[in-house]
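The values are calculated or read from the model by the stated rules, or taken from the named source; none is laboratory data. Nothing here was measured: the structure is a model prediction, and the numbers come from that model. Virtual Cβ from ideal backbone geometry, glycine too; neighbours counted across all protein chains shown.
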């Protein structure tokens, strides 16, 4: 069991020890009740998988996460607009170049329209490269089988054996997430995010879609703006590439804890980052104030979201912030 074929379990490096205060906070968080976790049949296998993931290269890095935090601060001040989009739940089967390209294209097309309409920069966050876990209302499905909890836990196939939670799937989820993020970085740097290219997609949408007729005037305005910029010789690098940040729900704690890393190992003031994504959120079913997920999120240096629904009181919302 490994994320590569080159390093044996016996030779995997150990993570640097956490500073005592962080270690205590992490232990306290993981000791709290954790909702929506699978019943693993082999806990020793879970520990082995966590050991493998602890040695794996990160999907995000602290510098990118800090940059997103600054971008989100601008959003909070009204100086930028936040756009988040992507699959409700990713699957290993759909983690293909055409699917990732299509999602990225949609996100970029929306961002161009929002940027022009709001006259503000748009912070683009994809539900991508890690959204493999699903919260569920019931432990079994309509067939009486263990419920499908996302590709990171078990299989969608209605087969009793395939529905048994398999910790090895966490390694597959990591590998798929890393591959997706690698492709996103490559595509956005290689011209897919070029403003003129994205605008041409929007013009195609206006021309070929009945719904696109409503945006024809806006597309014409953007077209004139781009021609004006070209005539003025504007060739800033920001016109040809962009930032896409990855996000997912921090649901499966055995996976998320294995992706924790210190930004400055050995420094007592080091921060603890979850390098499985840039942005993580706590879902509606796991946002208990006395639960493990909120306590776990509290110790991470990543920007964190909390999904709140109609049952959330103003008092609870204030407690989340505090």
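Which one of these is at pLDDT 95 or above, touching a helix residue (DSSP H, G or I) at 6+ places or on another chain (Cβ under 9 Å) and farther than 24 Å from residue 259 by Cβ: 160, 80, 129?
80
Of the conditions (1) at pLDDT below 95; (2) surrounded by 15 or more Cβ atoms within 10 Å (Cβ to Cβ); (3) under 25 Å from residue 127 (Cα atoms), residue 238 clears all except one; give me its number.
(2)
What's the total number of residues in the range 112-130 that are part of a helix (DSSP H, G or I) and under 20 Å from residue 281 (Cβ atoms)?
Residues that pass the stated criteria total 0.
Which of (1) at pLDDT 95 or above; (2) farther than 23 Å from residue 43 by Cα; (3) out of contact with any strand residue (DSSP E or B) (no Cβ under 6 Å at 6 or more places or on another chain) does residue 148 not meet, given it meets every other one?
(2)
Could you list, in sequence order, the residues of the range 131-178 that are assigned to a helix (DSSP H, G or I) and in contact (Cβ under 8 Å) with a residue 60 or more places away in the chain?
170, 171, 172, 173, 174, 175, 176, 177, 178
Looking at 50, 101 in this structure, which one is farther than 30 Å from residue 200 by Cα, in contact (Cβ under 8 Å) with a residue 40 or more places away in the chain and outside any loop (DSSP other than H, G, I, E, B)?
50
Of everything in the range 114-130, what is touching a residue at least 60 places away in the same chain (Cβ under 8 Å) and either in contact with a strand residue (DSSP E or B) (Cβ under 9 Å, 6 or more places away or on another chain) or under 30 Å from residue 155 (Cβ atoms) (or both)? Give them in sequence order.
123, 124, 125, 126, 127, 128, 129, 130
Per-residue answers, yes or no, for (1) under 25 Å from residue 21 (Cα atoms); (2) buried (at least 17 other Cβ atoms within 10 Å of the Cβ):
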position: 283; (1), (2): no, yes
position: 288; (1), (2): yes, no
position: 292; (1), (2): yes, yes
position: 299; (1), (2): yes, yes
position: 309; (1), (2): no, no
position: 316; (1), (2): no, no
position: 321; (1), (2): yes, no
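With the condition kept exactly as written, say whether any residue in the range 33-43 is free of Cβ contacts under 8 Å to residues at least 24 places away in the same chain, under 24 Å from the mean Cα position of the chain (by Cα) and not in a loop (DSSP other than H, G, I, E, B).
No, the range 33-43 contains no residue that is free of Cβ contacts under 8 Å to residues at least 24 places away in the same chain, under 24 Å from the mean Cα position of the chain (by Cα) and not in a loop (DSSP other than H, G, I, E, B).
Look through 56, 60 and report the one residue that is surrounded by 17 or more Cβ atoms within 10 Å (Cβ to Cβ), outside any helix (DSSP H, G or I) and in contact with a strand residue (DSSP E or B) (Cβ under 7 Å, 6 or more places away or on another chain).
60
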